[in-house]
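S.K.: Dropping a structure here in structure tokens format, bear with me for questions.
The values are calculated or read from the model by the stated rules, or taken from the named source; none is laboratory data. Predicted model only: the values in this text are computed from it and were never measured. We place every Cβ from the backbone using ideal geometry, glycine too, and count neighbours over all the protein chains shown. Each accessible area value is taken on the protein alone, full model and side chains, heavy atoms only, with ligands, DNA and RNA left out. Shrake-Rupley method; radii C 1.70, N 1.55, O 1.52, S 1.80 Å.
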Amino acid sequence: MAPSRATPPPFVRLAAHHLRWQLLGELATSDRRVRELVASVGQPQNLVSYHLRLLREAELVTRTRSSFDARDSYYHLDLDRCAAMLAAAGSALHPVLQPGSAGSAEAPTGRSRRPRVLFACTGNSARSPIAEALMRDRAEGGVEVTSAGSHPRERIHPSAVRVLAEDYGIDIAGQRPRHLDTTTNRRFDYVITLCDKVREVCPEFPGHPRHIHWSIPDPATDGGGSAEADVRRTAQDIDARVGHLLHVLPITDRQEVHA
């Protein structure tokens, strides 16, 4: 039986509105606060908030309270949910548009040098070293990546070490937290803050790198090993975000890197 085309699929109905499409585009690259979205799209806050509510009801967008200012919130776009809804919309139109029929997307290649990425959080003990390790592993040497913190802790969180080793086969046991001050004279193409607090104090870097914000709560607040479940969820969130970022990073051809 042919699929009914009397009503467009949910993703089409949501994304077809010009303002919601703009909001999706803004949130596709970085988590944002409402006032930042208002400034970007040039529309009143009440209108922006209304359309954000519709996107949240469709579970495309989530909201988390800022760890820097509890009166504020960050909005995050679930790209995997977008992909699933977009795939369903294509399948509803014609079977040839089902996922996999046209092959999977590859990250851009052919850059003359590796893109340089800095991940930053407060303690450089869980979120940013996890992001650094996952980016280095998934890019297979195609990205020059480091991490640092505004107030680095004495050691990497033990649960971060265990989760990376057990779930991803990555060993960071010998790594130590670094201070952001050790990176301020380096040039980066992307500076990615994973902490609402460090976003407010992140220093300027030479060369005007692109700034991206991922609003991710600190899973390592206890300072011990009891937060392993939280660290595991955080690693899964970061792994998904790193995978999405790799689809837009201009990664050096891997044969050049290992040559």
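S.K.: Scan region 44-69 residue by residue and report those that are touching a residue at least 40 places away in the same chain (Cβ under 8 Å) and either open to solvent by less than 40 Å² (accessible area, probe 1.4 Å) or closer than 21 Å to residue 81 by Cβ (or both).
M.R.: Passing the criteria: 54, 55, 58, 60, 64, 66.
S.K.: Give 132, 140, 106 a once-over and let me know the one that is modelled with pLDDT of 95 or more and acidic (Asp, Glu).
M.R.: Testing whether each residue is modelled with pLDDT of 95 or more and acidic (Asp, Glu) leaves just 132.
S.K.: Can you name the number of the only condition in (1) surrounded by fewer than 16 Cβ atoms within 10 Å (Cβ to Cβ); (2) more than 20 Å from residue 193 (Cβ to Cβ); (3) free of Cβ contacts under 8 Å to residues at least 60 places away in the same chain that residue 113 fails?
M.R.: Here residue 113 meets the rest and fails (3).
S.K.: Can you name every residue in region 247-259 that is surrounded by fewer than 18 Cβ atoms within 10 Å (Cβ to Cβ) and at pLDDT 70 or above?
M.R.: Matches in region 247-259: 247, 248, 250.
S.K.: Which condition number in (1) open to solvent by less than 60 Å² (accessible area, probe 1.4 Å); (2) assigned to a helix (DSSP H, G or I) is the one that residue 81 fails?
M.R.: (1)
S.K.: In region 179-192, which residues are more than 20 Å from residue 62 (Cβ to Cβ) and either in a loop (DSSP other than H, G, I, E, B) or under 16 Å from the mean Cα position of the chain (by Cα) (or both)? Full working, then the answer.
M.R.: As a first pass, look at region 179-192 and keep what is more than 20 Å from residue 62 (Cβ to Cβ): 179-191.
Correct list: 184, 185, 186, 187, 188, 189, 190, 191.
S.K.: Looking at residue 194, is it aliphatic (A, V, I, L, M) and closer than 15 Å to residue 64 by Cβ?
M.R.: For residue 194, the condition - aliphatic (A, V, I, L, M) and closer than 15 Å to residue 64 by Cβ - is met.
S.K.: Could you list, ordered by first residue, the pairs with Cβ atoms under 6 Å in which the first is in region 192-207 and in contact (Cβ under 8 Å) with a residue 24 or more places away in the chain and the second is surrounded by 24 or more Cβ atoms within 10 Å (Cβ to Cβ) and among the hydroxyl-bearing types (Ser, Thr, Tyr), at least 6 apart or interchain?
M.R.: 194/128; 195/122; 196/215; 197/122; 198/122; 199/193; 202/193
S.K.: Another question about this same structure. Kindly indicate which of 190, 168 is hydroxyl-bearing (Ser, Thr, Tyr) and closer than 27 Å to residue 73 by Cβ.
M.R.: Going through 190, 168 in turn, the sole match is 190.
S.K.: Would you mention how many residues in region 149-165 are without any contact (Cβ under 8 Å) to a residue 40 or more places away in the chain and either assigned to a helix (DSSP H, G or I) or in contact with a His (Cβ under 6 Å, 6 or more places away or on another chain) (or both)? Quick ask: steps written out before the conclusion?
M.R.: Initial filter on region 149-165 (without any contact (Cβ under 8 Å) to a residue 40 or more places away in the chain): 151-152, 154-156, 161, 165.
The next check asks that each one be either assigned to a helix (DSSP H, G or I) or in contact with a His (Cβ under 6 Å, 6 or more places away or on another chain) (or both); those that pass are 152, 161, 165.
Selection size over region 149-165: 3.
S.K.: Restricting region 163-186 to residues that are basic (Lys, Arg) and at pLDDT 95 or above, which is least open to solvent (accessible area, probe 1.4 Å)?
M.R.: 178
S.K.: Could you list, in sequence order, the residues of region 193-246 that are part of a helix (DSSP H, G or I), of a type in the set (Gly, Ala, Ser) and under 15 Å from residue 160 (Cα atoms)?
M.R.: 229, 235
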